[in-house]
Structures are given as C-alpha cells and as structure tokens.
Amino acid sequence: MTVKELFGAIYKKLVFLFAQDAQIDMDNIPKHIGIIMDGNGRWAKRRGLKRSDGHRAGAKTLEDITDYCGKIGVKYLTVYAFSTENWKRPKEEVDAIMNLILEYLTNMEKFVGGRDCRIRVIGDRTALSQVLQEKILEVEEYTKDRTGPTLNIALNYGGRDEIVRAAKVAAEKLNNGEIKDINEEYFSSLMYTGNDPEVELIIRPSGEKRLSNFLLWQSAYSEFWFSNTCWPDFTEKHMRVAISDYQKRNRRYGGV
Ligand code: FPP
C-alpha cells in the first residue's frame, strides 16, 4: 500500500465513522439496485490528485459496496462505469478507466470472488479493445453459474442506444414472422438486463440529479436516491440510508 493509499483509507474510515447511519428492514431489501458511480473526478481534484486516481478510488468503493450488497441479499447490482458519451473525455482518462476495468476483471477473484458474485457486462462491447472483450467473455463464463449477487457493469452503455437496438431486433423479428406482436414483456427481454428483476432503486452520489442515459427503459418505476457524497467516499452506511429511505416510500405504480 502506498502512502497515498494509506491516507485515503484513513480518510475513508473517518468518513465512515461520521456518516449518518440507518436501520434497514432485512425483509424488504430491493432485489435490484442501479448505481451511477459519479464524482470520482471532483473527489480527485479536491485532493490535488489525477482524475484517474479518483476512478481507482471509485473502483475500490465498488468492491466494498458489492460486498455489502451481497451480505444484505441484494440480488442484482447494475453500475454505470462508462457511458456511450464518455468517449468524449480525454484519451488519457478513457484509457485509464479501461485499464482499471481490465485490472478489476483480471483480479476479480480477489475483489468479489468471496461473495460468489456473477459478473456481466452490459452495453456495446464491440467498441472495446480486443483484450478487454476477451477478458469480459472469460469472466462472464467463469462466474455464470455462481449463485451470489449479479453485478452488471454498464460499459459503453447508453439507455437510448439500448432501446434503439431492441427496437431494431423486434422490428426484424416481426418482419420475418418470428414474432406476431411486440409487447412490453418481450421488449424488456431485449434489453441488456434481459429478464433481471425490475430496478427498484437508483442511487446517484455526488450531488447531480439526473439519469444521464442510464437504464432509461428499466427505470420507469424506480425510486431515486441522491447524495452529495462523491462515489469514492461512499460507504455501506450511505447504502443503509438509501435503502431505509426506499423502504419508507409508498410505491403505487400509477395506482392509488
Ligand atoms: C463518473 O465520475 C465516473 C466515471 C465516468 C467512471 C466510473 C468508473 C469507475 C468507478 C472505475 C471502475 C469501474 C469498474 C467497473 C472497476 P466523473 O469522472 O464524471 O466525476 P466528476 O463528475 O466529478 O468529474
């Protein structure tokens, strides 16, 4: 561990100690949570670090939060790692994020193996490097029969892109007679998240309050929870506060 990492770990421990906490009802844990892992860049800037340091710290947070979700019985966790729009960032930063994800997947035994976690990557992977595409296939294959939580990593993912792709597939199948009709259930099955349960809670740290093209179709009835804390400082306490808040909501799905 470097000195920088040591100070980071101490700081995070202090944040954890002082962060607000809440009780959660273990009988009403959301089955599927989406997280927009935002604020890595600002977190790094405030500390005079490089943006890539912020992403590295964010990757560590992802390990901790995945671990916690496994412990409390969240079945699906979908995290936004790289959007179809993130290619506009400087090449150096894009490369740093891609390398970090490759490193994460390569070491995934160490990171999430203990939780028996199934890993899938959602998004258009054809634009990714060959080595990353191969690693993704390897990790998906290696973890596919695991029975713990599923971690969906959204990579080169865009909600609009996902819907357009699904529409093309549906139109083609309708044209060639493979299907007779397009309904919501069928359309949902064409999303990258396939038959995963509904996304019940979407969390966005760092103070921004928008979806940014994340899970547009899947979020139709999601509850949203926002926090000013940047993702690298996010802890299981924040998750408890988010889940506890979610558990108090009155979900009506358009009814009364
Ligand atoms: C948004 O923060 C974050 C990203 C675009 C990258 C998220 C990537 C990671 C957490 C890296 C690890 C991922 C995996 C799957 C290992 P931002 O850079 O937009 O922050 P800012 O709004 O403060 O600039």
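Of all residues in the range 156-199, those being touching a residue at least 60 places away in the same chain (Cβ under 8 Å), in contact with an Asp or Glu (Cβ under 9 Å, 6 or more places away or on another chain) and of a type in the set (D, E) number 1. Restricting the first member to the range 122-150 and to residues that are within 21 Å of Y68 (Cα to Cα), and the second to residues that are among the aliphatic types (A, V, I, L, M) and part of a loop (DSSP other than H, G, I, E, B), the beta-carbon pairs closer than 9 Å and six or more apart or on different chains are P149/V74.
Residues checked against (1) more than 15 Å from F234 (Cβ to Cβ); (2) within 15 Å of the chain's Cα centre (by Cα):
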site: R51; (1), (2): yes, no
site: G54; (1), (2): no, no
site: E63; (1), (2): no, yes
site: K71; (1), (2): yes, no
site: K75; (1), (2): yes, yes
site: Y80; (1), (2): no, yes
site: T84; (1), (2): yes, yes
site: W87; (1), (2): yes, no
site: K91; (1), (2): yes, no
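Of everything in the range 55-90 that is hydroxyl-bearing (S, T, Y) and assigned to a helix (DSSP H, G or I), the residue that is farthest from L132 (Cα to Cα) is Y68.
Of the helices (runs of 4 or more DSSP H) lying entirely inside the range 91-163, those containing at least 3 residues that are out of contact with any strand residue (DSSP E or B) (no Cβ under 6 Å at 6 or more places or on another chain) and away from the ligand (no atom under 13 Å from the Cβ) are 130-143. Within the range 35-65, restricting attention to residues that are more than 8 Å from the ligand (Cβ to nearest atom) and under 22 Å from Y246 (Cα atoms), the residue that is modelled with the highest pLDDT is I35. Please indicate, with yes or no, whether at least one residue in the range 219-239 is more than 14 Å from the ligand (Cβ to nearest atom), under 26 Å from I163 (Cβ atoms), over 16 Å from the mean Cα position of the chain (by Cα) and among the aromatic types (F, W, Y). Within the range 219-239, one or more residues are more than 14 Å from the ligand (Cβ to nearest atom), under 26 Å from I163 (Cβ atoms), over 16 Å from the mean Cα position of the chain (by Cα) and among the aromatic types (F, W, Y).
The values are calculated or read from the model by the stated rules, or taken from the named source; none is laboratory data. On a predicted model such as this, the values are computed, not experimentally measured, just so you know. Every residue, glycine as well, gets a Cβ built from its backbone with ideal geometry; the counts of neighbours run over all protein chains shown.
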